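Report on the following structure.
The values are calculated or read from the model by the stated rules, or taken from the named source; none is laboratory data. Source: prediction; values computed, not measured. Counting neighbours? That spans all protein chains shown, and the Cβs are built from the backbone with ideal geometry, glycine included. Surface accessibility is based on the protein's heavy atoms, side chains included, excluding ligands, DNA and RNA. Shrake-Rupley method; radii C 1.70, N 1.55, O 1.52, S 1.80 Å.
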Amino acid sequence: GIKTLTGPGAGVIVKYDSEVGDTYPVGNTGKVRKVVSKTGEDDYPYGFVLIKTIQVEMEPLGLKKSSGITKYTYIANHRFGLVGVKVSFDDGTSADFPVYSSTQN
């Protein structure tokens with residue numbers, strides 16, 4: 001999986017063996033990250049291939065509602081690690097940010 005060790009958002013970002021509905025605490029904030037999707041088939045585009053993913057959502061930390069961000073969705077793959085981040089906004093729109101790395105797990 002992936003874990004961040006420092007800062008207010010310290011804690012597990014994703015465990016690859018998790019199931020939909022599993023949660024991970026976010027530091028001492030009282031908030032959690034929640035597994036919302038786990039695909040069993042290659043359906044997420046990553047470069048020129050399709051891969052299986054697990055998606056974990058969390059609310060922003062320390063931001064006021066006026067910031068316009070409603071949630072972050074981390075998209076991860078057991079072989080390539082973090083492959084994307086989706087930022088959702090309060091007007092119903094979102095921005096997707098792919099993450100590419102030259103290393104593999």
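Here the chain exposes an accessible surface that is 53 percent carbon and sulfur, computed with a 1.4 Å probe and the other protein chains kept in place.
The figure for residue 13 is an accessible area of roughly 30 square angstrom, using a 1.4 Å probe on the protein chains alone. Here's the list of aspartates and glutamates a cross-link from residue 15 could span, going by alpha-carbon distance under 20 Å and ignoring same-chain residues fewer than 8 apart: 41, 42, 43, 57, 59. Each Cα pair under 8 Å and six or more residues apart adds its separation to the average, and for the chain the resulting relative contact order is 17 percent. For the chain, the longest piece that avoids every one of the trypsin sites (Lys or Arg not before Pro) found in DSSP loops with at most 14 other C-beta atoms within 10 Å covers 1-63. Charge dipole (Cα centre; +1 on Lys/Arg Cβ, -1 on Asp/Glu Cβ; no other charges) of the chain amounts to roughly 380 debye.
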